[in-house]
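**Student:** My questions all concern the structure below.
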Amino acid sequence: MQWTVGKGRRNCMRIKDLCVDERPREKMLAKGPASLSNAELLAILLRTGTERKNVLEVAQILLNAAGGSLTAASAMSVNELCRIDGIGTWKAVTLGAALELGKRMCSEVPDNSRNIIRGPSDVYRELSSVMRGLQHEECWLLYLSRNSRVISREQLSVGGQSETIVEVKAVVRRALDLRASSLIISHNHPSGDPHPGNADIRLTSNLKKALETFDISLLDHVIIADGRFYSFADDMEYGI
């Protein structure tokens, strides 16, 4: 990066001053999106920089603020993004929308591979993308048929940083409406530790008992955290 000095202040090198092969849009047209760095892809979304920083520099500052992680960037609020010089409300909204689309794309898997749940790793595959990068707890349910095929995947509740509220009666009612033979409950731990707390243990026990009244099985309770997961079904102490 080169700087020119004039009238006592520093001016940044503009994107149009770069050679064609180094301009993000032109590079994407010529070589495809896979050839671009994360900063270059973000620069395309941002479109413009500031008087003192070009758009690539603004994009790199954003990445640095997120620790170099797109997952962390996707968890940033509009207000947090707007604290970065060069990112206003509409740019923040554009970034948020694009990163959310990326998360949703990751959660999509072909129907022929996603529908059957054979164990906790399948639950992790099914739900980890929707919980990745969250700074709050969310609870999700997988309602299953007799052959363990997913009938419905539904968000049950959204909570704070350390807990989310689960209404057991509502879960049972929904399972009956769907004529589910079994279900799996899953939630995330933003702390990064997937091991269950006392509230998680109580919830699992209460939900299991309530479902058994209607001959519906609770197959597992999977806690997802920071690329790892904990399965109640796999734990001999709290095994389901």
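**Student:** With 10 angstrom as the radius, rank Met76, Met236, Met28 by how many other C-beta atoms surround their C-beta, starting from the fewest.
**Tutor:** The most exposed by this proxy come first: Met236, Met28, Met76.
**Student:** Using Cα-Cα distances under 8 Å and only pairs 6 or more residues apart, what relative contact order does the chain have, in percent?
**Tutor:** With pairs under 8 Å counted, the relative contact order is 12 percent.
**Student:** In addition: Within segment 185-200, find all residues whose amide N lies under 13 Å from a label point positioned 7 Å from the Cα of Asp226 along Cα-to-beta-carbon.
**Tutor:** Within reach of a label on Asp226: 189-195.
**Student:** Sticking with this one: Using a 10 angstrom cutoff on alpha carbons, build the Gaussian network for the chain and name the most mobile of Ser191, Ser35, Ser121.
**Tutor:** Highest fluctuation of the listed residues: Ser35.
**Student:** Right, next: What distance in nm separates the two pseudo spin-label positions at Ser77 and Leu178, each 7 Å out from Cα along the beta-carbon direction?
**Tutor:** Computed distance between label sites Ser77 and Leu178 equals 3.1 nm.
**Student:** Excluding Leu134 itself, calculate the net charge of residues whose Cβ lies under 13 Å from the Cβ of Leu134, where each Lys or Arg counts +1 and each Asp or Glu counts -1. Mind showing how you got there, number by number?
**Tutor:** Values: positive: Lys103, Arg132; negative: Glu100, Glu137, Glu138, Asp226.
Taking every Cβ under 13 Å from that of Leu134, the sum is -2.
**Student:** Considering every pair of different Cα atoms, what Kirkwood radius, in Å, is found for segment 110-234?
**Tutor:** The answer is 14.4 Å.
**Student:** How far apart, in nanometres, would the label points at Lys31 and Gln155 be if each is projected 7 angstrom from Cα along the Cα-to-Cβ direction?
**Tutor:** Going by the 7 Å Cα→Cβ label model, 3.7 nm.
**Student:** Here is a follow-up. Normalised by the number of residues in segment 140-240, what is the relative contact order in percent for Cα pairs under 8 Å and 6+ residues apart?
**Tutor:** Over segment 140-240, the number comes to 26 percent.
**Student:** While we're here: Under the rule that an exposed site lies in a DSSP loop and has at most 13 other Cβ atoms within 10 Å, name the longest stretch of the chain with no GluC sites (Glu not before Pro) of that kind, not counting the sites themselves.
**Tutor:** Counting at most 13 other Cβ atoms within 10 Å as exposed, the longest clean stretch of the chain is 168-236.
**Student:** Let me ask another. Debye sum, Cα scatterers, the chain, no solvent: what log₁₀ I/I(0) at q = 0.15 1/Å?
**Tutor:** Reported log10 I(q)/I(0), two decimals: -0.99.
Each value in this text was obtained by applying a stated rule to the coordinates, not by laboratory testing. If you're wondering where the values come from, they're calculated on a predicted model, not measured in any experiment. Because the Cβ atoms are built from the backbone with ideal geometry, glycine has one as well, and the counts that use them run over all protein chains shown.
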